[in-house]
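To start, the structure under review is shown below, and the notes come after it.
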Amino acid sequence: MDGTLVDTERLWWEAVEHVAAGLGRSLTEADEEDVLGRPVEHTAEMLSRATGAPFTEVAADLHREFADRVRSGVVARPGALRLLDALAADGVPTALVTASPRVIADLVVEGLGAGRFAVTVTADDTPRTKPAPDPYLAACRALGVEPASCVAVEDTRTGVSSAEAAGCAVLAVPSLAPIAAAPGRTVRESLEDVTPAGLRDMITTREAPEPSDPSDLTDPSDLPESSDLRDSSDPRELRVMSWNLWFGGTKVRHYREKQLKIILESGVDVVGLQETYGTAARELAEALGWEYHQAGENLGVISRFPITGRLGAADPGFYGGTGVRVTLGADQDVVLWSAHLDYTPYGPYEASFDGLAGPELADHESVRLGQVREILAAMAPDLAARDTTPVLLVGDFNAPSHRDRDDSEWPVTRAAEEAGLRDSYREAHPDPVRSPGHTWSPIHTEHEDGSGRPEPQDRIDYVLYAGTGLKVLDSRTLVTGTPRTWPDVEDNDWPSDHAAVITTFSLGRVVRSD
């Protein structure tokens with residue numbers, strides 16, 4: 001509705017901008033993902049977290065400001081009414097699917113003529129609204145049709161994610177933020193030349209555009225969307241990556257382009273990030289056409305599937321954890337937490353250089369052990385529901401695994417295991433001698449102090465999981481090219497000092513409790 005059928009997306013932005021200004025916060029381009037195409041409650045929660053204002057008061061102010069602007073008169077988007085009339089003449093039933101509340105939708109529909117729609121689905125009508133697939137699935141059920149037989153007309157990436165997750169073909173007509181073409185998705189500047197016959201063609205053809213070769217790209221905005229490479233409508237596999245970006249990647253030239261190329265070529269679906277340098281999650285997601293969650297300056301998650309929930313503190317500090325709920329399809333969610341634990345004192349150094357062993361090494365893990373216990377406590381509700389919604393914990397623990405070394409208890413990974421989390425890499429490669437899986441460090445072969453001592457190589461980055469809905473198919477570490485060693489790293493193809501970990505899971509169907 002907003003920005004597609006009528007010109008209210010700008011009214012919504014203005015309403016949010018007005019309320020935010022009253023709270024002492026200015027909206028920026030970075031706020032688009034939390035405003036455009038989002039329900040009032042989502043944006044109110046964002047502003048409440050950012051300013052400390054009570055959620056209920058912010059939500060009420062947003063409702064009032066937006067409704068006042070809608071009542072003052074809305075203008076139909078170019079070609080919208082003509083297309084609706086043509087569909088009616090052709091006998092094609094049409095549903096209105098909006099993330100706006102019922103009271104706003106009814107105002108708009110009344111102004112345009114209620115008879116134009118066979119069905120209206122609002123944010124009040126489904127347990128979850130966009131970007132979850134629920135609203136489009138509800139509309140399809142009400143129309144008595146399969147999603148694959150429908151075209152969704154959308155103007156925001158949030159709406160596109162919702163429609164595609166439901167299995168609809170999509171006609172995207174961007175209003176304020178750009179949307180790239182992708183398989184099953186057509187992008188037009190307006191509805192003025194769209195016809196019922198053209199919409200039928202989108203159902204029957206659904207051919208993918210020829211993707212660009214990422215290796216030829218120098219501008220991240222030229223990269224193809226991830227959905228150009230893999231079908232997201234009904235996934236049977238999930239590929240999860242944990243990656244410490246190392247100061248956001250800034251130690252290496254053209255780091256952002258290299259990061260994007262690596263993510264695309266690896267075919268991953270969800271990436272837990274550490275050392276994001278404040279902006280990496282947003283910049284990577286925008287270039288890929290993905291969704292993102294940034295928590296403070298250091299932690300983030302990016303996903304080619306809709307992020308439908310954000311978990312944990314908005315800013316957990318430099319070390320800690322953050323979580324998201326990701327909707328993979330009509331009846332499948334997963335929860336993923338990304339974590340980064342303190343690096344001092346570093347156990348492998350104490351074992352190799354200082355001669356510490358056994359209890360002393362374990363005692364010196366107390367800071368990281370406390371941090372992981374805090375994260376596991378925050379994850380407790382997710383872990384309790386793991387057999388209906390699988391759970392993942394990924395990240396840079398800065399600690400070896402008790403599954404790899406027997407010179408100490410290494411309590412950090414043991415605590416995660418005792419909480420019910422399984423080590424996907426060690427499950428795929430049970431022998432730590434044959435498959436050590438070292439992630440620290442592809443660029444450090446000698447210790448940085450100039451002594452010439454060999455740098456201890458260890459597995460300190462993990463993809464852990466819990467729940468009957470996931471089964472490990474493969475797990476591997478990833479480093480591209482042949483990185484030169486520190487400090488001559490600026491021309492490396494691999495823009496990090498850690499190897500990444502990628503695990504491919506098969507997805508079993510689970511019965512959801514919601």
Elements of type helices (runs of 4 or more DSSP H) contained in segment 329-397, each with 1 or more residues being crowded, with 18+ Cβ neighbours inside 10 Å and in contact (Cβ under 8 Å) with a residue 60 or more places away in the chain: 347-352, 366-384
Index of the failed condition, Glu45 passing every other in (1) touching a strand residue (DSSP E or B) at 6+ places or on another chain (Cβ under 6 Å); (2) at pLDDT 85 or above; (3) of a type outside the set (S, T, N, Q): (1)
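Matching residues to (1) in contact with an Asp or Glu (Cβ under 9 Å, 6 or more places away or on another chain); (2) at pLDDT 95 or above:
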position: Pro214; (1), (2): yes, no
position: Thr218; (1), (2): yes, no
position: Leu223; (1), (2): yes, no
position: Arg253; (1), (2): yes, no
position: Ile263; (1), (2): no, no
position: Gln274; (1), (2): yes, yes
Of all residues in segment 488-503 being in contact with a Lys or Arg (Cβ under 9 Å, 6 or more places away or on another chain) and surrounded by fewer than 16 Cβ atoms within 10 Å (Cβ to Cβ), the one that is nearest to Gly437 (Cα to Cα): Asp493
Segment 5-30 - residue that is part of a helix (DSSP H, G or I) and open to solvent by less than 30 Å² (accessible area, probe 1.4 Å) and, of those, nearest to Val173 (Cα to Cα): Glu9
Qualifying positions in segment 416-441 - surrounded by fewer than 19 Cβ atoms within 10 Å (Cβ to Cβ) and either under 17 Å from Gly358 (Cβ atoms) or among the hydrophobic types (A, V, I, L, M, F, W, C) (or both): Ala428, Val433
Pick from segment 56-72, criterion farther than 12 Å from Val19 by Cα and assigned to a helix (DSSP H, G or I), ranking: modelled with the highest pLDDT: Thr56
Segment 1-55, residues that are of a type in the set (Ser, Thr, Tyr) and either under 25 Å from the mean Cα position of the chain (by Cα) or over 11 Å from Phe66 (Cβ atoms) (or both): Thr4, Ser26, Thr28, Thr43, Ser48, Thr51
Candidates Glu286, Glu297 - the one that is modelled with pLDDT under 95, open to solvent by 10 Å² or more (accessible area, probe 1.4 Å), farther than 25 Å from Ser506 by Cα and assigned to a helix (DSSP H, G or I): Glu286
Considering residues of segment 236-283 that are of a type in the set (S, T, N, Q) and under 15 Å from the mean Cα position of the chain (by Cα) only, the residue surrounded by the most Cβ atoms within 10 Å (Cβ to Cβ): Ser242
Entirely in segment 77-143, the helices (runs of 4 or more DSSP H) that have 2 or more residues that are acidic (Asp, Glu) and open to solvent by 20 Å² or more (accessible area, probe 1.4 Å): 102-112
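The values are calculated or read from the model by the stated rules, or taken from the named source; none is laboratory data. Keep in mind it's a predicted model, so treat the numbers as computed, not measured. With ideal geometry, Cβ positions are generated from the backbone for all residues, glycine too; neighbour counts draw on all protein chains shown. Keep in mind that these areas ignore ligands, DNA and RNA; they rest on the heavy atoms of the full protein, side chains included. Shrake-Rupley method; radii C 1.70, N 1.55, O 1.52, S 1.80 Å.
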